[in-house]
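The values are calculated or read from the model by the stated rules, or taken from the named source; none is laboratory data. Nothing here was measured: the structure is a model prediction, and the numbers come from that model. Cβ placement follows ideal geometry from the backbone for every residue including glycine, while neighbour counts extend to all protein chains displayed. What goes into the accessible areas is simple: the full protein's heavy atoms, side chains included, and nothing from ligands, DNA or RNA. Shrake-Rupley method; radii C 1.70, N 1.55, O 1.52, S 1.80 Å.
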Amino acid sequence: MAKVLVFTEVTADNVKSVTYEILGKLAGNEVDVAAVGQVPAGAVAELAKFGAANIHSLKGDNLDNYSPEGYANALKEFIGNGGYDYVFAGSTSLAKDLFPRLSGMFDAGMASEVTNFTMDGGTFAGTRPLFAGKCLAKVEIEGPKPHFVTVRPNALGMPSSENAAAGNAADASVSAGEIRAAIKEIIKGASEKLDLTEANIIVSGGRAMKEASNFKILEDLADTIGATVGASRAAVDSGYAPHAMQVGQTGKTVAPSLYIACGISGAIQHLAGMRTSKCIVAINTDPDAPIFTKADYGIVGDLFQIVPILTEEFKKIM
Ligand SMILES: Cc1cc2nc3c(=O)[nH]c(=O)nc-3n(C[C@H](O)[C@H](O)[C@H](O)COP(=O)(O)OP(=O)(O)OC[C@H]3O[C@@H](n4cnc5c(N)ncnc54)[C@H](O)[C@@H]3O)c2cc1C
């Protein structure tokens, strides 16, 4: 059995859902959860249900907004006092920035963006896609502990059963230390309802969207089915969508339950970012488009006709 800390990020009334995915895989270990800021009361109960023994809200001056140095200093102090073997987090934009810095501070090993892992005998072994998802590497970590691990959101899935633990909630005082570079403001992309990496359903548009205003039909479908809108790099480079919406090798890596690719050819660099989606639906006028080789369901047709029909049909049943 290992002693594990799961770092999470708080939202208005919950914590990042990947936290629950990680807790599910850590059943059988001694697991605490920590967030910078106040963990909402509702989330405390949920975290306890899925195995969190202690839930720590870390508080201190200059920690209201994320800053790489402030968060790293605060967590270093807290983790150092906790005697943890492993520190996990979802591979969110924030953790991708924070965890390498933290593991460097501890001079400890890190496995980033694993899509699965085991904890046999309290020892971590993970799986990580490499070379745009063309192969899977087995990852083990050696050297001084704690070891750091980030997990791709939506890759593990929500735990199928509960594993209740004490769920003691407590505040801990931490220090942000010296902050030389502070983030003044975080502006959410206007079209992003939920960060793409966390979305359960994604509707993406490619070069075939022809212009930015045409993304409205994808947004209508997304609103109907509770999806987030993404884009290919060709759509982003053409100015139809902001880079925050780009899926792929040089964009975001996503693993939703459902990925609907509209007018996207299926280039290897796009597939690299979405091939681990549970169900892929492709709409394309070209029956030989490579995306169909990866799609679970394919519709050969004009997206400008198909997408509005899908929206209308979903409206009838949702
Ligand atoms: C180093 C590097 C990194 C890259 N990173 C990324 C990345 O992160 N993400 C990414 O997406 N790409 C990336 N690319 C670019 C990638 O190689 C492709 O160029 C890009 O994915 C193509 O985007 P697309 O499928 O939208 O456009 P296209 O390849 O032009 O495909 C458009 C598709 O739309 C179909 N179509 C046309 N009209 C309609 C219609 N009316 N209805 C339905 N279908 C229609 C066509 O048949 C075609 O299949 C990268 C490339 C390089 C070299």
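Please state which one of Leu26, Leu47 is more than 19 Å from Phe124 (Cβ to Cβ), open to solvent by less than 10 Å² (accessible area, probe 1.4 Å) and within 22 Å of the chain's Cα centre (by Cα).
Details: Leu26 fails: more than 19 Å from Phe124 (Cβ to Cβ).
Criteria check complete, one pass: Leu47.
Pairs only if they're at least six apart or on different chains, beta carbon under 6 angstrom, first in the range 301-312 and closer than 16 Å to Gly206 by Cβ, second of a type in the set (Val, Ile, Thr) and at pLDDT 95 or above; list them, first residue then second.
Here the result reads Asp302/Thr285; Leu303/Ile283; Ile306/Ile283; Ile306/Ile299; Val307/Ile217, each pair linking the range 301-312 to a residue that is of a type in the set (Val, Ile, Thr) and at pLDDT 95 or above.
Determine, yes or no, whether Leu156 is in a loop (DSSP other than H, G, I, E, B) and open to solvent by 20 Å² or more (accessible area, probe 1.4 Å). Step through it out loud before you land on a result.
On the way: in a loop (DSSP other than H, G, I, E, B): yes; open to solvent by 20 Å² or more (accessible area, probe 1.4 Å): yes.
Considered against the rule, which asks whether it is in a loop (DSSP other than H, G, I, E, B) and open to solvent by 20 Å² or more (accessible area, probe 1.4 Å), Leu156 comes out as yes.
Hey, can you tell me all the residues within the range 215-248 that are surrounded by fewer than 18 Cβ atoms within 10 Å (Cβ to Cβ) and within 12 Å of the ligand (Cβ to nearest atom)?
Residues satisfying the conditions are Asp237, Ser238, His243.
State whether one or more residues within the range 228-235 are at pLDDT 95 or above, within 25 Å of Pro308 (Cα to Cα) and either over 20 Å from the mean Cα position of the chain (by Cα) or not assigned by TED's automatic domain parsing to the domain that holds Gly273 (or both).
yes
For the range 287-318, name all the residues that are within 10 Å of Gly266 (Cβ to Cβ) and either open to solvent by 50 Å² or more (accessible area, probe 1.4 Å) or under 27 Å from the mean Cα position of the chain (by Cα) (or both).
Residues of the range 287-318 within 10 Å of Gly266 (Cβ to Cβ): 289-295.
Within the range 287-318, Pro290, Ile291, Phe292, Thr293, Lys294, Ala295 qualify.
Of the residues that make up the range 253-263, is at least one open to solvent by 10 Å² or more (accessible area, probe 1.4 Å), without any contact (Cβ under 8 Å) to a residue 40 or more places away in the chain and more than 8 Å from the ligand (Cβ to nearest atom)? Talk me through it step by step, then tell me what you get.
If we filter the range 253-263 for residues that are open to solvent by 10 Å² or more (accessible area, probe 1.4 Å), which is where we start, we get 253, 257-258, 263.
Next, only the ones that are without any contact (Cβ under 8 Å) to a residue 40 or more places away in the chain stay: none.
No.
Which fully enclosed helices (runs of 4 or more DSSP H) of the range 204-318 have 2 or more residues being charged (D, E, K, R)? Break it down stepwise before answering.
Details: elements: 215-225, 233-237, 268-274, 291-294, 303-317.
In the range 204-318, the matching helices (runs of 4 or more DSSP H) lie at 215-225, 233-237, 303-317.
Of all the residues that make up the range 283-306, how many are more than 9 Å from the ligand (Cβ to nearest atom) and closer than 26 Å to Glu198 by Cβ?
Number of matching residues: 4.
So if I check each of Phe88, Phe117, Phe78, which one is more than 14 Å from Val6 (Cα to Cα) and among the hydrophobic types (A, V, I, L, M, F, W, C)?
Just one listed residue meets the conditions, Phe117.
Identify, please: which residue in the range 1-21 is over 14 Å from Ala165 (Cβ atoms) and among the aliphatic types (A, V, I, L, M) and is, among those, most open to solvent (accessible area, probe 1.4 Å)?
Taking the candidates together, the pick is Ala12.
Quick check on my filter: what residues within the range 82-94 are open to solvent by less than 20 Å² (accessible area, probe 1.4 Å) and more than 17 Å from Ile141 (Cβ to Cβ)? First the steps, then the outcome.
Within the range 82-94, the first condition is being open to solvent by less than 20 Å² (accessible area, probe 1.4 Å), and the residues that meet it are 82, 84, 86-92.
Matches in the range 82-94: Gly82, Gly90, Thr92.
Each row is one residue, and each column tells you yes or no for (1) open to solvent by less than 70 Å² (accessible area, probe 1.4 Å); (2) part of a loop (DSSP other than H, G, I, E, B).
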site: Glu69; (1), (2): yes, no
site: Ile79; (1), (2): yes, no
site: Lys96; (1), (2): no, no
site: Gly126; (1), (2): yes, no
site: Ala137; (1), (2): yes, no
site: Ile141; (1), (2): yes, yes
